[in-house]
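Each remark here refers to the structure printed beneath this line.
Nothing in this text is a laboratory measurement; each read-out follows from the coordinates by a stated rule. What you are looking at is a predicted structure, and each value in this text was computed from that prediction instead of being measured. FYI the Cβ positions are ideal-geometry reconstructions off the backbone, even for glycines, and counts take in every protein chain you see.
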Amino acid sequence: MLIFAHRGASGVEPENTLRAIRAALEANVDGIEVDVHQVGDRLMVIHDRWLHKTTSGLGQLQEYSFEELRLLDAGKGETIPSLDEVLALTTGKCIINLELKAIHSVDVLYHYLDNAKRDFTLDLSQVLISSFNHRLLNLIHQERPEIAIGALTACYPLEYAQFAQQLDAYSVHIDIEFINQDFVDDAHKRGLKVYVYTVDELEDINVMRRLGVDGIFSNQPTKVKSHLAHLDSTEL
Ligand code: G3P
Ligand code: MG
């Protein structure tokens, strides 16, 4: 079961900051999930468009320029990272899962990925693009089929994981509130990986293992990894 740090190691450091990403790398995670918004022709790593939720700013992301946003405190003196900073920090170290929030131009995303490939040999096999916006995922898959996509859902669909198979996704990412054995079995039959968010409680980790999910997103990757190591050692 892969462990993804959710918004970086956001349980111990300010979410979606380089600090949270460094903490996740120190925890030796398999992957890191971050949220991505477009601001002008730049991509920034932040979850909420309302700035007061995670920064010293007020109002909405789109009301400010990239330069103005960079002056805000995203927690412990951190700036809101740009996507290139995140790719530079994580490339070659773990999977990077970019969850696309408000993105107006996929060309901007390609630009960042192409630059990272050129500048620090980003390997696309370590990139997973996910979104609740399935039309956006579909467009990316049509234009750049070499980029793996993960279809997010916060509901329990009528036809289980069919929507993700229809997108030809690599993985389906489902809210822990709705996961069950039927969904996992259906997704696996369709050739999809099943990743579940957000899993922080030890009892939930045990259940995810029993269900046979392929990965979990956690705000507490260190805690999760030590619990899994304990389970593995007691099963020997
Ligand atoms: O990508 C998994 C999870 O992060 C989706 O929900 O709102 O935390 O971005 P949210
Ligand atoms: Mg997210």
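Scalar couplings 3J(HN,Hα) for segment 161-167, obtained by applying the Karplus form with A = 6.51, B = -1.76, C = 1.60 to θ = phi - 60°, are 8, 4, 4, 6, 5, 4, 7 Hz; x denotes Gly and Pro.
Taken about its Cα centre, segment 101-236 carries a charge dipole of roughly 260 debye when the Cβ of each Lys and Arg holds +1 and the Cβ of each Asp and Glu holds -1. In segment 2-234, Cα pairs under 8 Å separated by at least six residues give a relative contact order of 19 percent.
Relative to the dominant Cα principal axis of the chain, helix 106-120 is inclined by about 90°. Only lysines eight or more places from K193 in sequence, or on another chain, were considered; those with a Cα closer than 22 Å are K93, K101, K225.
Over the residues of the chain, the helix contribution to mean residue ellipticity at 222 nm works out to -10500 deg cm²/dmol, using -39500 (n - 2.57) for each DSSP H run of at least 4.
The magnitude of the dipole of the chain, with charges of +1 and -1 set on the Cβ of Lys/Arg and Asp/Glu and taken from the Cα centre, is near 200 debye. Annotation: peptides 221-228, 155-162, 174-181, ranked by per-residue average of other Cβ atoms within 10 Å with the highest first, follow the order 221-228, 174-181, 155-162.
Proximity of backbone amide H atoms, modeled 1.01 Å from N, is registered between N97 and I32, E33, V34, L128 at under 5 Å, excluding neighbours fewer than 5 places apart on the same chain. The slack between D48 and Q162, meaning 0.36 nm per residue of separation minus the straight C-alpha distance, is 38.2 nm. Residues in segment 8-20 carry Karplus couplings, in order, of x, 7, 6, x, 10, 9, x, 4, 6, 10, 4, 4, 5 Hz; the curve used is 6.51 cos²θ - 1.76 cosθ + 1.60 with θ = phi - 60°, and Gly or Pro positions show x.
Shown in residue order for segment 146-160 are the 3J(HN,Hα) couplings computed by the Karplus curve 6.51 cos²θ - 1.76 cosθ + 1.60 at θ = phi - 60°: 6, 8, 6, 10, x, 8, 8, 9, 10, 9, 10, x, 3, 9, 6 Hz (x for Gly and Pro).
The length gained on full extension between H227 and R135, counted as 0.36 nm times the residue separation minus their Cα-Cα distance, comes to 29.4 nm. Amide H contacts of D73: S56, G57, each under 5 Å away and 5 or more positions distant or on a separate chain (H built 1.01 Å from N in the peptide plane; Pro and chain starts excluded).
Counting only DSSP beta bridges whose two residues both lie in segment 2-234, roughly 15 percent are antiparallel.
Residues whose amide H comes within less than 5 Å of that of Y197, counting only those at least five positions distant or on another chain, are I174, D175, I176, F217 (H built at 1.01 Å from N in the peptide plane).
For the peptides 210-216, 73-79, the ranking by mean Cβ contacts within 10 Å, running from highest to lowest, is 210-216, 73-79.
Answer rounded, prolate or oblate for segment 93-236, using the Cα gyration tensor with square roots of eigenvalues a ≥ b ≥ c: rounded when a/c is under 1.5, else prolate when a/b is larger than b/c, else oblate. Since a/c reaches 1.5 but b/c is at least a/b, the shape of segment 93-236 is classed as oblate. Since only S82, A116, T234 are under comparison, the one whose Cα sits farthest along the positive direction of the charge dipole of segment 2-234, derived from C-beta charges on Lys, Arg, Asp and Glu, is T234.
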